[in-house]
1. Over the chain, consider all pairs of different Cα atoms and compute the Kirkwood hydrodynamic radius from their mean reciprocal separation; express it in Å, one decimal.
2. Using a probe radius of 1.4 Å on heavy atoms only, what accessible surface per residue do you get for region 20-71? Whole Å² is fine.
3. Which of the lysines could a cross-linker bridge to K26, judged by Cα under 25 Å and excluding same-chain residues fewer than eight apart?
4. Kindly express, to the nearest 10 degrees and within the range 0 to 90, the angle between helix 9-66's C-alpha long axis and the longest C-alpha principal axis of the chain.
5. Roughly how big is the chain's charge dipole about its Cα centre, with Cβ charges of +1 (Lys, Arg) and -1 (Asp, Glu), in debye to the nearest 20?
6. At a probe size of 1.4 Å, how large is the accessible area of S11, to the nearest 10 Å²?
7. For a quick check, take a GNM of the chain with Cα springs below 10 Å and name the residue from A28, A38, A54 with the largest mean-square fluctuation.
8. Roughly speaking, to the nearest percent, how much of the chain's 1.4 Å accessible area is carbon and sulfur?
Amino acid sequence: MDQEPRPSKWSRCAELLDSLILCCDKVAGTLRAARKAAQEATKAWGHAQPLVAAVMALFKKLFRSADPGLA
């Protein structure tokens, strides 16, 4: 009767805790990457904002000159 011994409750608990720790590490890595991406997007928007404002001002001038009643 060569049966494999059943894992004890404590060894199973340790395995589950290891899995939980690995999962938390992956989540933390994902959150760090998301934070970095958000910072980069904020920085990019800061650089692009003056250009967007200039384009919007140009369109307003074009619409006003085309039909003053539209603007």
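The values are calculated or read from the model by the stated rules, or taken from the named source; none is laboratory data. The model shown is predicted, which means the values in this text are computed figures rather than measured ones. Virtual Cβ from ideal backbone geometry, glycine too; neighbours counted across all protein chains shown. Accessible surface is based on the protein model in full, side chains and every heavy atom, while ligands, DNA and RNA are left aside. Shrake-Rupley method; radii C 1.70, N 1.55, O 1.52, S 1.80 Å.
1. Details: mean 1/r = 0.0557 Å⁻¹.
About 18.0 Å, per the Kirkwood formula over Cα pairs.
2. Each residue of region 20-71 exposes 89 Å² on average to a 1.4 Å probe.
3. K36
4. It works out to around 0 degrees.
5. Details: 11 positive and 7 negative charges, 112 e Å.
Dipole size: approximately 540 debye.
6. 50
7. Looking only at A28, A38, A54, the largest GNM fluctuation is found for A54.
8. Values: 4570 of 6940 Å².
So the carbon and sulfur contribution to the accessible surface is 66 percent.
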